[in-house]
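Below is one structure, written out as structure tokens, with a few remarks after it.
Each value in this text was obtained by applying a stated rule to the coordinates, not by laboratory testing. Bear in mind the structure is a predicted one, so any value in this text is a computation, not a measurement. Using ideal geometry, Cβ is built from the backbone for each residue, glycine included, and neighbour counts are taken over all protein chains shown.
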Amino acid sequence: MSYEFRDFAPGLALSVLDFKPVAAATTRTSEDSDAVITNLKREVDYHFSRFDIKRLESYSNNIVDYHVIVDLLPAIARFYFLDKFSHRLAPPSATGDNNSNNLNEGGVSLSYVQAAILLGLGLQHKTIEQLVGELTLQSNQVLAMFNKSTKKIAKFFKDLEEWEIAKELPTKEDSVARAAALNPLAKGLEEELNEEAEKSIAALQDRQATLLSTLGDEYVPFHPPPLHTTPHTLSSSQQQGTQSRGQMRIGPWS
């Protein structure tokens, strides 16, 4: 809607695009719908980087000014008016989960004025001042409605990312089957340790027996000498000295 179409009023430009204020969400009722969403995710990844989506989220949370995301508006507007944002992002059929409370079930739906603002900024490349005059609104009203639109689109991008992650998760049936396939250990840890200890001892004994067999007659076992158990006898002179020492008296009472 650039070039000469840029001079069209927002209402006329929306009529050219045959815009309907509430776009019907694409219902995902078959496996082919998962392929459609997968292709959409590839398109989003091709046109928008993670940093681009982060910028959009920052603006939708009133962290940065709208000038930070102006370069993203042409691609966002094309996606919206080509009904790329109208898909229903329920959990993938591969997950087997019907709980879709956390995902966008109805796509991105904008009001007539919100669509006019997105068209003017993204496709006609108009400024906020030009839209204020054409829509007979205040600038703060235009920015507020545009911010609401970006919130919906940022949420769609987030839900699309969650959808792709959920697609890789196993189903409940797969989890139950995997849990059933896990067999308990046939032996306990202590029993296995005891068996390994017995094997090590047996192997050590085999090596010792092999070593002894190679030595043959050269091996003489060492036997320590026996200890002397007979009491030591004293000579006659030693016995007399011991008796004389026993008869000595020491002290004034001797």
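The gain in end-to-end length when the Ser111 to Ile63 segment is fully stretched comes to 14.9 nm, 0.36 nm per residue minus the alpha carbon separation. The stretch between Lys167 and Tyr46 holds 41.6 nm of extra length on full extension. This uses 0.36 nm per residue minus the Cα-Cα distance. Projected label points at Leu204 and Val16, each 7 Å from Cα along the beta carbon direction, are separated by 9.2 nanometres. From the cross-link list Lys20/Lys158; Lys54/Lys172; Lys152/Lys172; Lys41/Lys151; Lys20/Lys152, which pairs have alpha carbons spaced over 23 Å apart? Flagged as over cut-off: Lys20/Lys158; Lys54/Lys172; Lys152/Lys172. Positive-end ranking of Ala177, Thr150, Asn140 along the dipole of region 131-194, with charges on Cβ about the Cα centre, is headed by Asn140. The gain in end-to-end length when the Leu215 to Leu82 segment is fully stretched comes to 38.6 nm, 0.36 nm per residue minus the alpha carbon separation. With a Förster radius of 30 Å applied to the beta-carbon distance between Lys155 and Val176, the computed FRET efficiency rounds to 0.35.
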